[in-house]
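The next block holds one structure in the form of structure tokens; read it before the comments.
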Amino acid sequence: MRPLTDKIPKPLIEVNGKRMIDTIVDGLSENGIKDIYIVVGYMSDKFEAWKEKYPYIHLINNPYYATCNNIASLYVARDYIEDAIILDGDQIIYNSKVLNPYFERSGYNSVWVNENTTEWLQQTEDDIVVECSRTGGRRGWQLYSISRWTKSDGKKLKKHLEQEFEENKDYDIYWDDIALFKHKEEYQLGIYPMNKSDVIEIDNVIELSNVDTSYQKYINGGC
């Protein structure tokens, strides 16, 4: 996302006049969720100023952000992941209903795809995730970075975060690896279906410019 992220953290980038993270917080608020924790690291001072708009938000500092994968982000927030929705900050929420706070099973918001995808793709049996491919495939549930965790699974997730981060010192993994790969036998994850148009995840400037044409000037090294 450079050069944009040379001056501002990715979630605070404006898309069509609204910051990405605002769509998330506003979507949570519309669903009555006001107990919100945001993990910050890179340019954390920018979030301090932004937070004034949302006095009910709590910021958690991640001192490992420059040296570890996102397992560190959830590790520092591990005391707040029971009966919780966990989201990445670099997505745009177009349909706040995907953040419905009522759930009985842990699992990810996902979109059914028939065509080939390179995104993480889940397969289910009897509505339970039995397999996930990091390299994608076709005909399956494409995983999005919105997930729900019951109280019991949140306790397990905390234990496994501490095991992988403190004992195994596995700093390079995604936190999602814990339930989907490393300890998958201890979780029975479900699927929360949604439409592709409900959420957009922004990974690079090209994807950003497809949503907001004002950023086309940044493609091919522009500034």
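The values are calculated or read from the model by the stated rules, or taken from the named source; none is laboratory data. Computed from a prediction, not measured in an experiment: that's the story for all the values here. All Cβ positions, glycine included, derive from the backbone under ideal geometry; neighbour counts span all protein chains shown. For the accessible areas, the whole protein counts, side chains as well, though only heavy atoms, and no ligand, DNA or RNA atoms are used. Shrake-Rupley method; radii C 1.70, N 1.55, O 1.52, S 1.80 Å.
Tabulated results
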{"item": "Hydrodynamic radius (Kirkwood) for the chain, which is based on Cα pairs only, to one decimal in Å", "result": "18.4"}
{"item": "FRET efficiency for Glu115 and Lys18, using Cβ-Cβ distance with R0 set to 45 Å, rounded to 0.05", "result": "0.90"}
{"item": "Built amide H within the under 5 Å cut-off of Glu131, gap 5+", "result": "Gln123"}
{"item": "Spatial separation of Cα centroids for the range 29-43 and the range 163-223, in angstrom", "result": "17"}
{"item": "Overall Cα dimensions of the range 66-172 - principal axes, largest extent first, Å", "result": "40, 30, 30"}
{"item": "Förster-model FRET efficiency, 30 Å R0, Phe181 and Glu82, C-beta, rounded to 0.05", "result": "0.85"}
{"item": "Mean Cβ neighbour count within 10 Å, used as a protection proxy, ranking 185-195, 164-174 highest first", "result": "185-195, 164-174"}
{"item": "Calculated [θ] (222 nm, deg cm²/dmol) that DSSP helices of n ≥ 4 give over the chain, each run adding -39,500 (n - 2.57)", "result": "-5500 deg cm²/dmol"}
{"item": "Residue-level accessible surface for Met43, protein heavy atoms, 1.4 Å, Å²", "result": "50"}
{"item": "Signed unit charges on C-beta, dipole axis of the chain, positive-most listed residue Asn116, Met194, Met1", "result": "Met1"}
{"item": "Pair Asn31, Gln123: separation of 7 Å Cα→Cβ label points (nm)", "result": "2.9"}
{"item": "Extension gain from Ser96 to Ser214, taking 0.36 nm per residue of separation minus the Cα-Cα distance", "result": "40.0 nm"}
{"item": "Cα point-scatterer Debye curve for the range 107-151, base-10 log of I(q)/I(0) at q = 0.24, 0.34 Å⁻¹", "result": "-0.80, -1.29"}
{"item": "1.4 Å probe accessible area per residue over the range 126-223, in Å²", "result": "55"}
{"item": "Contour excess over end-to-end distance, with Cα ends at Ser133 and Gln163 and 0.36 nm allotted per residue", "result": "8.5 nm"}
{"item": "Mean shadow area of the range 23-112, taken as a quarter of the surface of its Cα convex hull (nm²)", "result": "6.7"}
{"item": "The range 139-186 shape via C-alpha gyration tensor axes, a/c threshold 1.5", "result": "oblate"}
